[in-house]
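Novice: Below is one structure. I have some questions about it.
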Amino acid sequence: AIDFGIEEALRKLGLNQINEGTSTGSDNFGSGETISSHSPVDGALIGKVKTTTPEDYLRVMESATHAFKEWRLVPAPQRGEMVRQFGEKLRELKEPLGKLVSYEMGKSYQEGLGEVQEMIDICDFAVGLSRQLHGLTMHSERPGHRMYEQYHPLGVVGIISAFNFPVAVWAWNTALAWVCGDVCIWKPSEKTPMCGVACQNIIAEVLKENNLPEGISCLINGDYKVGELMTNDKRIPLVSATGSIRMGKIVAQAVAARLGKSLLELGGNNAIIVTPDADIKMTVIGAVFGAVGTAGQRCTSTRRLIIHESIYDQVKDAITDAYKQLRIGNPLDENNHVGPLIDTDAVRMYEAALEEAVNEGGTILVEGGVLKGEGYESGCYVKPAIVEAQNSFTIVQEETFAPILYLLKYNGPVENAIELQNGVVQGLSSAIMTNSLREAERFLSSSGSDCGIANVNIGTSGAEIGGAFGGEKETGGGRESGSDAWKIYMRRQTNTINYTTELPLAQGIKFDL
Ligand code: UN1
């Protein structure tokens, strides 16, 4: 086997064969059972991580609560300075961390580096933001009164993240939460626990170097039961959760039952509309990357292509041709386009989805299948598939986290394509390929795409961190990352100050004593 420098990367990230999976900042422990992390790349054991017990969690919570009391008093620009240093450390460790992401999750090394770049970018964004946590001032209706609003830190933020972006999604949340004056407890996916420990090692060093309270960044590990410790904990005012719609509904109900806030970033069922005015070459690149990049395991992955009948055959031929060029294999080898799925459960779901698509009447255009033989020993490598289908198929309505692309045909005006595109329960990302101004603007209008992300002449995946990221309907409604997404990590307070010697009441009410 070729050595892709994994050992060295693990060493640079301070990872061991057995790692403590619970951290109150600098104190690492974990008395629960261990999770073994096997790479989907070659099936090898990367390392083990000890899970968090309810007793361990109490210690974590104590550390976080204590840290919050101090951290909220640190001026926001100084909090930004801590995040700046964290971003610097990420720049230094970009290669080993990108490699670990690639090896533990299975995405290509390029995409692993890209994910760490998103972390660096959100740190830069958060540093600037730390001087711009602005509120408004209003004019009071009463003389001699001043009215304004301010944003205060919220408290302990719980972060539950998914395997597919094992480091970036945490960073989008935590970098903003930290400049907002919050402290965070993170439960990474139990499928990528080593990435979690690596990130915690990096931030723990920054906190120590700055003599900051440990507990600003805490880590817990385990399955949904460990997540429940946070969703049911009224000391956590905000839970940010990324994952399946099924998981999001459970989290949202638990958090709502105690009137906490949740920020949900759940499944997508993203489509690209291809109109008669589309640039076919751009369409092919956007659609192929969107469908097979990250082996179809992004929540923004392209699941459906909605193509006008007049160019249907042309687009179909161009896409199926492009699929013939795809090289599937070890994602650390830069010659490959497509890596493995996360595990063999995901492979089974991929196989079941293809079977169901055919049972419902779909036609296979590019055949799928599980790869066997040399280089594919982990059993997680599958062939990207294309199926001609109908939007009404049950399987097309669902998000399958795998490289399966459904081709759908539309006729008539672009409104018909928009109706198909909106005709699913999810509402994350969407795109239109067109050179027609009328079609593009229709797609972006109030009667256009109902998604949180709507792109023109760009695919559905690969959003920049500067915009708010998230979607509508069963995608959960949350917004993370750029724009004013920071506001959910703070509590808003309206202040009115009377600088007279009278006490006039609002609404002109008279109350004489
Ligand atoms: C995800 O899949 O959970 O837009 C996040 C994108 C990436 C983030 C995806 N920037 O594809």
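The values are calculated or read from the model by the stated rules, or taken from the named source; none is laboratory data. Keep in mind the model is a prediction, meaning the values are calculated, not measured. No Cβ is skipped: glycine too gets one built from the backbone with ideal geometry, and neighbour counts run over all protein chains shown.
Novice: Out of 185, 202, I need the residue that is of a type outside the set (Phe, Trp, Tyr), within 14 Å of residue 116 (Cα to Cα) and away from the ligand (no atom under 16 Å from the Cβ). Which one?
Specialist: Being of a type outside the set (Phe, Trp, Tyr), within 14 Å of residue 116 (Cα to Cα) and away from the ligand (no atom under 16 Å from the Cβ) holds for just one of 185, 202, which is 202.
Novice: Yes or no: residue 503 in a strand (DSSP E or B), of a type outside the set (Ser, Thr, Tyr) and either more than 16 Å from the ligand (Cβ to nearest atom) or at pLDDT 95 or above (or both)?
Specialist: No: the conditions fail for residue 503.
Novice: List the residue pairs whose Cβ atoms are under 7 Å apart, where the first residue sits in the stretch 233-249 and is assigned to a helix (DSSP H, G or I), the second is within 12 Å of the ligand (Cβ to nearest atom) and among the small types (Gly, Ala, Ser), and the two are 6 or more positions apart or on different chains.
Specialist: Close Cβ pairs (under 7 Å, with a partner that is within 12 Å of the ligand (Cβ to nearest atom) and among the small types (Gly, Ala, Ser)) amount to 245/267; 247/241; 248/241; 248/476.
Novice: A further question follows. Any chance the stretch 366-383 includes a residue that's surrounded by fewer than 24 Cβ atoms within 10 Å (Cβ to Cβ), under 16 Å from residue 303 (Cβ atoms) and in contact with a strand residue (DSSP E or B) (Cβ under 8 Å, 6 or more places away or on another chain)?
Specialist: yes
Novice: Go through the stretch 443-465 and give me each residue that's under 15 Å from residue 276 (Cα atoms) and surrounded by 18 or more Cβ atoms within 10 Å (Cβ to Cβ).
Specialist: Of everything in the stretch 443-465, just one residue is under 15 Å from residue 276 (Cα atoms) and surrounded by 18 or more Cβ atoms within 10 Å (Cβ to Cβ), namely 443.
Novice: Now for a different question. If you go through the stretch 435-489 one residue at a time, how many are small (Gly, Ala, Ser) and in a helix (DSSP H, G or I)?
Specialist: Qualifying residue count for the region: 2.
Novice: Which condition does residue 468 not pass, out of (1) of a type in the set (A, V, I, L, M); (2) buried (at least 19 other Cβ atoms within 10 Å of the Cβ); (3) within 16 Å of the ligand (Cβ to nearest atom); (4) free of Cβ contacts under 8 Å to residues at least 24 places away in the same chain, if it passes all the others?
Specialist: That leaves (2) as the condition not met.
Novice: Tell me, which residue of the stretch 25-65 that is in a loop (DSSP other than H, G, I, E, B), out of contact with any Cys (no Cβ under 7 Å at 6 or more places or on another chain) and within 20 Å of residue 201 (Cβ to Cβ) is modelled with the lowest pLDDT?
Specialist: Out of the qualifying residues, it is 26.
Novice: Among the residues of the stretch 300-309, are any in contact (Cβ under 8 Å) with a residue 60 or more places away in the chain and part of a helix (DSSP H, G or I)?
Specialist: The answer is no; no qualifying residue exists.
Novice: So which residues in the stretch 46-68 are more than 26 Å from the chain's Cα centre (by Cα) and basic (Lys, Arg)?
Specialist: Selection gives 59 alone.
Novice: Just name the residue that is surrounded by the most Cβ atoms within 10 Å (Cβ to Cβ) out of those in the stretch 485-503 that are in contact with a strand residue (DSSP E or B) (Cβ under 8 Å, 6 or more places away or on another chain) and more than 17 Å from residue 157 (Cβ to Cβ).
Specialist: Per the criteria, the residue is 498.
Novice: Give the residue, chosen from 89, 69, 94, that is at pLDDT 95 or above, surrounded by fewer than 24 Cβ atoms within 10 Å (Cβ to Cβ), among the basic types (Lys, Arg) and farther than 30 Å from residue 42 by Cα.
Specialist: Step by step, each of 89, 69, 94 is checked, and only 69 is at pLDDT 95 or above, surrounded by fewer than 24 Cβ atoms within 10 Å (Cβ to Cβ), among the basic types (Lys, Arg) and farther than 30 Å from residue 42 by Cα.
Novice: Just wondering, is there one or more residues in the stretch 66-79 that are free of Cβ contacts under 8 Å to residues at least 12 places away in the same chain, part of a loop (DSSP other than H, G, I, E, B) and closer than 30 Å to residue 336 by Cβ?
Specialist: Checked against the condition, which is being free of Cβ contacts under 8 Å to residues at least 12 places away in the same chain, part of a loop (DSSP other than H, G, I, E, B) and closer than 30 Å to residue 336 by Cβ, the stretch 66-79 yields no hits at all.
Yes or no, residue by residue, for (1) aliphatic (A, V, I, L, M); (2) surrounded by fewer than 23 Cβ atoms within 10 Å (Cβ to Cβ); (3) at pLDDT 95 or above; (4) more than 16 Å from the ligand (Cβ to nearest atom):
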position	(1), (2), (3), (4)
240	no, no, yes, no
245	yes, yes, yes, no
248	no, no, yes, no
256	yes, yes, yes, yes
283	no, no, yes, yes
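Novice: Something else: Please enumerate the residues belonging to the stretch 135-153 that are under 30 Å from residue 200 (Cα atoms) and surrounded by fewer than 22 Cβ atoms within 10 Å (Cβ to Cβ).
Specialist: Hits for the stretch 135-153 are 151, 152.
Novice: What number of residues within the stretch 448-464 satisfy the criterion of being more than 11 Å from the ligand (Cβ to nearest atom) and of a type in the set (S, T, N, Q)?
Specialist: Count: 2.
Novice: Looking at the stretch 476-496, can you tell me whether even one residue there is more than 16 Å from the ligand (Cβ to nearest atom) and farther than 30 Å from residue 72 by Cβ?
Specialist: Within the stretch 476-496 (the criterion being more than 16 Å from the ligand (Cβ to nearest atom) and farther than 30 Å from residue 72 by Cβ), the answer is no, since none of the residues qualifies.
Novice: So in the stretch 141-175, with the set limited to residues that are in a strand (DSSP E or B) and within 15 Å of the ligand (Cβ to nearest atom), which one is nearest to residue 294 (Cα to Cα)?
Specialist: Here the answer is 160.
Novice: Would you check which residues across the stretch 390-405 are among the hydrophobic types (A, V, I, L, M, F, W, C) and free of Cβ contacts under 8 Å to residues at least 60 places away in the same chain and list them?
Specialist: Selection gives 393, 395.
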